[in-house]
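In what follows, a structure is listed as structure tokens, so that the remarks can point back to it.
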Amino acid sequence: MNDRRKRGLEKEISRIVGMTLLTEIKNEKIKNLVSIHKVELTKDGRYLDLTFSILDLKDNINKERIAEDLNKLKGFFRKKIGSQLSIRFVPEVRIHMDDSVEYGVKIASILNEIKKKITISNNRNTGLF
């Protein structure tokens with residue numbers, strides 16, 4: 001499969017999976033906290049790697065449980081892809097988790113706290129350094 005066709009299929013699959021998450025998944029935690037981070041087809045089109053990110057700002061969500069629930073949906077995603085795309089082989093879905101978005105949010109939160117401390121310190125003229 002050439003790269004142009006592969007990118008087009010990845011984009012279309014991303015749309016299909018995204019709409020499926022929004023409209024057909026009944027699990028509210030998956031529906032509200034999970035987003036597609038990356039969609040990647042193998043060169044031969046036999047496998048599809050779906051990478052999801054979980055955005056949990058309160059750290060009270062069992063991420064392993066959500067990952068298990070997403071793995072249970074692999075067949076459902078594959079069925080949806082097969083019914084909406086005209087392709088010879090419907091790829092086998094593999095689920096991956098990515099925590100870089102959550103990590104970035106935590107870093108931004110830490111930086112905001114430091115900024116607040118510096119501002120308070122400068123207002124008191126005590127200096128942080």
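The values are calculated or read from the model by the stated rules, or taken from the named source; none is laboratory data. All values derive from a computational prediction rather than experimental measurement. Using ideal geometry, Cβ is built from the backbone for each residue, glycine included, and neighbour counts are taken over all protein chains shown.
A few remarks follow.
- Scope the stretch 38-70; condition over 22 Å from GLU92 (Cα atoms) and out of contact with any strand residue (DSSP E or B) (no Cβ under 6 Å at 6 or more places or on another chain); matching residues: LEU55, ASP56, LEU57, LYS58, ASP59, ASN60, ILE61, ASN62
- Matching residues in the stretch 99-129 - criterion: being among the acidic types (Asp, Glu) and at pLDDT 90 or above: GLU113
- Screening the stretch 24-116 for helices (runs of 4 or more DSSP H) wholly inside it with 1 or more residues that are closer than 29 Å to ARG4 by Cα and touching a helix residue (DSSP H, G or I) at 6+ places or on another chain (Cβ under 8 Å) returns the ranges 63-72, 74-84.
- Residue count for the stretch 52-65, restricted to those that are under 20 Å from LYS106 (Cα atoms) and either of a type in the set (Val, Ile, Thr) or modelled with pLDDT of 85 or more (or both): 5
- Checking each residue in the stretch 4-23 for being touching a residue at least 40 places away in the same chain (Cβ under 8 Å) and under 18 Å from GLY75 (Cβ atoms) picks out ILE13, ILE16, VAL17, THR20.
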